[in-house]
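Okay, so here's the structure we're looking at.
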Amino acid sequence: MSRSTWYYNMNALKQGDRYAGLKENIRKIYHYHKGRYGYRRITLALRKQGLRINHKTVQRLMAELSLRSVIRAKKYRAWKGRTGEAAPNILSRNFGASKPTKNG
């Protein structure tokens, strides 16, 4: 390992976490809203407080803090109603063929 890499890592360990204050702020917003806020809404809340922060940074910090928002259940959409029923013959038209491939 090169000398510069060694000292770079040693100094990085001494400095500590540069996002410590932001992590606490994210945790407060998350718990205040009872886990309903995801990274997008937390980013907007932080921007309303005057912080300039990228949504990807908030997403990464939430993953580090193991904060996951509540996901709504999907709406059930499988029932398509009554299918296969022919429409009523209101005009009383004869749609039967007298011979094959002939109309009326």
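Coordinate-derived values only; no laboratory data. Worth saying up front: this structure is predicted, and the values here are computed from it rather than measured. Neighbour counts run over all protein chains shown; Cβ positions are idealised from the backbone, glycine included.
At 222 nm, what helix-only mean residue ellipticity would the chain give, in deg cm²/dmol to the nearest 500, using -39500 (n - 2.57) for each DSSP H run of four or more?
For the chain, the value works out to -13500 deg cm²/dmol.
Against the longest principal axis of the chain, how steep is helix 55-64, in degrees 0 to 90 to the nearest 10, with axes from Cα atoms?
80
Could you give the angle, 0 to 90 degrees to the nearest 10, between helix 3-15's Cα long axis and the longest principal axis of the Cα atoms of the chain?
80
Under a GNM of the chain (C-alpha, springs under 10 Å), which listed residue has the highest mean-square fluctuation: Gly81, Gly21, Gly38?
Of Gly81, Gly21, Gly38, the most mobile in the Gaussian network model is Gly81.
Relative to the longest principal Cα axis of the chain, at what angle does helix 20-32 sit, 0 to 90 degrees, rounded to 10?
Relative to the chain, helix 20-32 is tipped by roughly 40 degrees.
Counting each pair of different Cα atoms once, what's the Kirkwood radius of the range 19-70 in Å, rounded to one decimal?
Over the range 19-70, the inverse of the mean reciprocal pair distance is 10.6 Å.
Among Gln59, Gln49, Gln15, which one shows the highest mean-square fluctuation when the chain is modelled as a Gaussian network with alpha-carbon springs under 10 Å?
Gln15
Once each part is reduced to its C-alpha centroid, what is the distance from the range 78-102 to the range 21-62 in angstrom?
Using only Cα atoms, the two centres lie 59 Å from each other.
Using 25 Å as the Cα-Cα cut-off, could you pick out the over-long pairs in Lys23/Lys48; Lys34/Lys74; Lys28/Lys74?
Lys28/Lys74
Using 1/(1 + (r/R0)^6) with R0 = 22 angstrom and r between the beta carbons of Gln49 and Arg72, what's the FRET efficiency to the nearest 0.05? Don't skip to the answer; put the middle values down first.
On the way: r = 26 Å, r/R0 = 1.19.
With a Förster radius of 22 Å, E is 0.25.
For an R0 of 30 angstrom, estimate the FRET efficiency from the Cβ-Cβ distance between Leu65 and Trp6 and round to the nearest 0.05.
0.50
Out of [x] 65; [y] 56; [z] 71, which label holds the value of percent of Cα pairs over 20 Å apart that was computed here?
Of the labelled values, this structure produces [x].
For an R0 of 35 angstrom, estimate the FRET efficiency from the Cβ-Cβ distance between Lys34 and Thr57 and round to the nearest 0.05.
Between Lys34 and Thr57 the formula returns 0.90.
Highest GNM mean-square fluctuation, the chain, Cα pairs closer than 10 Å: which of Thr83, Thr43, Thr57?
Result: Thr83 has the largest fluctuation of those listed.
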